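Each remark here refers to the structure printed beneath this line.
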Amino acid sequence: RSGKAIANVRAEVKVAMAQQATLVQGLMAEMKSQRAEIRMLIETIGSRFDEEKAAHENHSAKFDNVKMQIAALMTNGTLEQKLFAEAASHRDILKKQFEVIKRLEDWSKAQ
């Protein structure tokens, strides 16, 4: 009787161990699958980050280019102002010279 009981317990333990082994194999397969999904997500996030980084660098370069253009325009504007001021002073000098010439002509006519 006790031999039969021991055999039954052994059979139950074997069945339980087989069930546990199947469960562990299922869990291992699930973990592998999840690892693969996580790896794919990390790669996707990495490539998305690279795209965003490249886009940011592109925008940054465009922004720097615009800043340089604005600086050049401001410099040109300053040069234009200087040229206008210089032209105005030349114009004033020419006016004075013409006034002197006119006075000399008037004076020589009066003589």
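Derivation of every value follows stated rules applied to the coordinates shown; laboratory data play no part. Remember, it's a predicted structure, so these values are computed and weren't measured experimentally. With ideal geometry, Cβ positions are generated from the backbone for all residues, glycine too; neighbour counts draw on all protein chains shown.
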**Item:** Matching option when the condition is surrounded by fewer than 10 Cβ atoms within 10 Å (Cβ to Cβ), out of contact with any Gly (no Cβ under 7 Å at 6 or more places or on another chain) and either of a type in the set (G, A, S) or part of a helix (DSSP H, G or I) (or both), among K4, K32
**Value:** K4
**Item:** Candidates Q81, Q111, filtered to the one that is of a type outside the set (D, E) and surrounded by fewer than 10 Cβ atoms within 10 Å (Cβ to Cβ)
**Value:** Q111
